[in-house]
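The values are calculated or read from the model by the stated rules, or taken from the named source; none is laboratory data. All figures in this text were calculated on a predicted structure; none of them were measured in a lab. As a convention, Cβ positions derive from the backbone with ideal geometry for all residues, glycine included, and neighbour counts pool all protein chains shown.
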Amino acid sequence: MSGPPGSLEIVAPRYGEASLADVLPAALAVLGVPGAADTLGLSTTLDGVRRVAVLLVDGLGWHQIPTAAPYAPTLAGLAATAGRPLTSAFPSTTPTSLVTLGTGTAPGAHGVLGFTLRIPGTDRVLNHVEWAADPEPTRWQPVPTQLQRAQAAGVAVTVVSRPEFGGSGLTVAANRGGDYRGATGVDALAGQMLTALAAGSGPTLVSGYHPDLDRHGHLTGVDSVPWRTAAADVDRLLARLVDGLPPDAALLVTADHGQLDIPAGHRVDLDTDARLRAGVAVVAGEPRVRYLHVEPGARDDVVATWSTVLGDTARVRTREEMVADGWFGPVPEEHLARIGDVVVVSNGTHAVLASRSEPPMASRLVAYHGADTAAEMTIPLLVVRG
């Protein structure tokens, strides 16, 4: 599906204004953490709030809410009365956005600049969702998290997510700081979040994560029957959280990205086209945003060839151009090599697969994300007081 009108327009990240990076700093400002920046203006809206729950629903783009509305009336009502759009990080992909939320910084600063990244100085490609302890998470992602900052200021901090995610490289990179509680399913997630939110009498921050909407979008497509069921589960989760909020609490609901279904005829496989493999040493990124690390001296030829082969289905740019245009925020020298020499951003509903370089399932998905369309980049912020 192409999505609602305007969903394929290009959207740039609004770091420091209205982006996912600004959510936790604003929440910390509400809780009175010294020096926390509230660019979202939540301190006025949530004056008197001493407990904040932040829920990230994976794959819940702003442009997917109308599609979910028939199965998620609570979600639709909150979006209409208490919601506004933000932008995700770029690339609009889960690891990048989770760490952007957790650190309160743009991807250039924290260094998790894509779904998969080449580890500089090697030919190894790191998949951030399969990341254990190598490279060491606090070295690969050196920025302290907002959870650590809150905890240091005396805020009680709890993270609630799937048990299997506890201690993973991505969890340490995004959510180090505070108590980790495992919860499987929306009822357990709601229960654990509300229990942590109500505990104690001082300022409290609870961060929750729910992955299922994104998973079903990938596997069966946006608005498929399993996706609709997942949307209804999200609605039940929201209803429980809203109903259970303590009087001095607030709930912030956001997402990491949206999704787009990619038709079979809009997929190019770089691993079966010798023209696209020429001069490319290592492929990283994901189907909607490819990072190409090229052989010495091959960059200009790779740019020219990919531009010719892909035509208007993608924009083929150099690392320097992407950084200069601010897509990642400021990028320190030590993180530059994690971005490909050449960056390929798919337009519309197109994608570049890598059937031999990546696990076969990556080429069989129905919906994808990562690029800069409104459907992928625009995410909600829903704000509810107890």
Positions within region 31-72 being out of contact with any helix residue (DSSP H, G or I) (no Cβ under 6 Å at 6 or more places or on another chain) and on the phi > 0 side of the Ramachandran plot, in sequence order: Gly32, Gly35, Gly41, Gly48
Find all pairs meeting these conditions: Cβ atoms under 9 angstrom apart; at least six residues apart or on different chains; first residue within region 48-68 and of a type in the set (Ser, Thr, Tyr); second residue surrounded by fewer than 24 Cβ atoms within 10 Å (Cβ to Cβ). Thr67/Met1; Thr67/Gly3; Thr67/Pro4; Thr67/Asp223; Thr67/Arg228
Region 233-250, subset assigned to a helix (DSSP H, G or I) and more than 21 Å from the chain's Cα centre (by Cα), residue surrounded by the most Cβ atoms within 10 Å (Cβ to Cβ): Leu241
Take region 326-346 and flag every residue that is free of Cβ contacts under 8 Å to residues at least 40 places away in the same chain and either touching a Lys or Arg at 6+ places or on another chain (Cβ under 9 Å) or in the same structural domain as Thr116 (by TED's automatic domain parsing) (or both). Leu336
Scan region 351-373 for residues that are touching a helix residue (DSSP H, G or I) at 6+ places or on another chain (Cβ under 8 Å) and either within 30 Å of Arg51 (Cα to Cα) or surrounded by fewer than 22 Cβ atoms within 10 Å (Cβ to Cβ) (or both) and report the count. 5
Suppose we filter Gly370, Gly329, Gly340, Gly348 for residues that are part of a loop (DSSP other than H, G, I, E, B), over 23 Å from His128 (Cα atoms) and not hydroxyl-bearing (Ser, Thr, Tyr); which single one remains? Gly348
Could you list, in sequence order, all residues of region 134-177 that are part of a loop (DSSP other than H, G, I, E, B), among the aliphatic types (A, V, I, L, M) and in contact with a helix residue (DSSP H, G or I) (Cβ under 7 Å, 6 or more places away or on another chain)? Val143
Considering only residues that are closer than 22 Å to Asp273 by Cβ and within 18 Å of the chain's Cα centre (by Cα), which ones fall in region 318-364? Val345, Ser346, Ala362
Find the residue count for region 351-367, including only residues that are among the aliphatic types (A, V, I, L, M) and part of a loop (DSSP other than H, G, I, E, B). 3
